[in-house]
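See structure below.
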Amino acid sequence: MKVGAVIVGAGFGRRMGQAKANISLAGRPLFSYSLETFLTVGSIKQVVLVLQKKHFKFADKFISGQGVVLAEGGKTRKQSVLNGLNKIKSNLSYVLIHDCARPFVKKQTVLKVIKELKNYPAVIPGIKTKDTLRQIEGGLVKKTLERDNIFSIQTPQGFRKDLIKAAYKKYQRLRITDSAQLFEKTGHPVKVVEGDLFNFKLTYREDIDLAKAVEKYGKI
């Protein structure tokens, strides 16, 4: 099974207060962590790293000699992902899409997604929510949600390449939060596999402190 991978790190980091490509953990850029993991997976034959063009030179010293392809990010995440997908080699039938803001993705999680891609056109990792969930309106509780079948969805998300590329081109104007939400519009099934608690996403500045603690104390 031949798979390509797209790591998306072109975000402007408005909620974070800095571009994701500029975030450093233990002297390493954020994208280098998940990149290192993907490069250890034998079935991944190509990795495309999506960054803003101004970060290409900075990235070169971390990807030199590893066969990683750079793709320029767009104004939106959808355009950045599509730019990355367009760089995937034609002979690769499957693709993983991963947020560089999830630096601690484990090889086991990647392998789970790839394994199920043999049976499903889309596979995503998720963890079952442990918290009680409530819908809030105007600062007041409207209702409590049933949590039995509620999952927090992570990346990498795996797809048949032809189907996800077609979805990105067809639904360019659709507002989404991840690639799987867009893929759902195609009517094809999306399989969920068990994710990992440490595969969390860095969204706010407080998340950087958490990531530094995880990196320092080796909790993964």
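The numbers here are math on the coordinates, done by the rules we state, and not lab data. Predicted model only: the values in this text are computed from it and were never measured. Here the Cβ positions follow ideal geometry from the backbone for every residue, glycine too, while neighbour counts run over all protein chains shown.
Assorted remarks:
- Taking only the C-alpha atoms of the range 3-217, the Rg (one decimal) and the largest Cα-Cα distance, Dmax (whole number), read 17.1, 55 Å.
- Per the Debye calculation on the range 4-73 with a single equal scatterer at every Cα and no solvent contribution, log₁₀ I(q)/I(0) for q = 0.12, 0.19 Å⁻¹ amounts to -0.29, -0.72.
- Paramagnetic reach from Leu174 in the range 38-79 [backbone N under 19 Å; point 7 Å along Cα→Cβ]: 76-79
- Amide H contacts under 5 Å for Gly74, placed H, 5+ residues apart: Ser80
- Span from the the range 1-51 Cα centroid across to the the range 181-212 one, whole angstrom: 14
- In a simple Cβ point-charge model (Lys, Arg +1; Asp, Glu -1; nothing else charged), the chain has a dipole of about 560 debye relative to its Cα centre.
- Cβ-based exposure ranking for His98, His55, in which fewest neighbours within 10 Å come first: His55, His98
- Local net charge near Val48, Cβ-Cβ under 10 Å (Lys/Arg +1, Asp/Glu -1): +2
- In terms of packing, defined here as the mean over residues of other Cβ atoms within 10 angstrom, the peptides 165-172, 178-185, 45-52, 18-25 line up highest first as 45-52, 178-185, 18-25, 165-172.
- Counted charge near Val123, where neighbours are those whose Cβ lies closer than 14 Å (Asp, Glu -1; Lys, Arg +1): +2
- The phi-based Karplus calculation (6.51 cos²θ - 1.76 cosθ + 1.60; θ = phi - 60°) puts the 3J(HN,Hα) values of the range 140-151 at 10, 6, 8, 6, 8, 8, 5, 9, 4, 10, 9, 10 Hz, whole numbers, x for Gly and Pro.
- Cross-link pairs exceeding 30 Å between alpha carbons, from the set Lys45/Lys191; Lys106/Lys130; Lys118/Lys201; Lys20/Lys161; Lys75/Lys142; Lys87/Lys216: Lys75/Lys142; Lys87/Lys216.
- Using the average count of surrounding beta-carbon atoms within 10 Å as a protection proxy, the listed peptides 28-35, 141-148 rank, highest first, as 28-35, 141-148.
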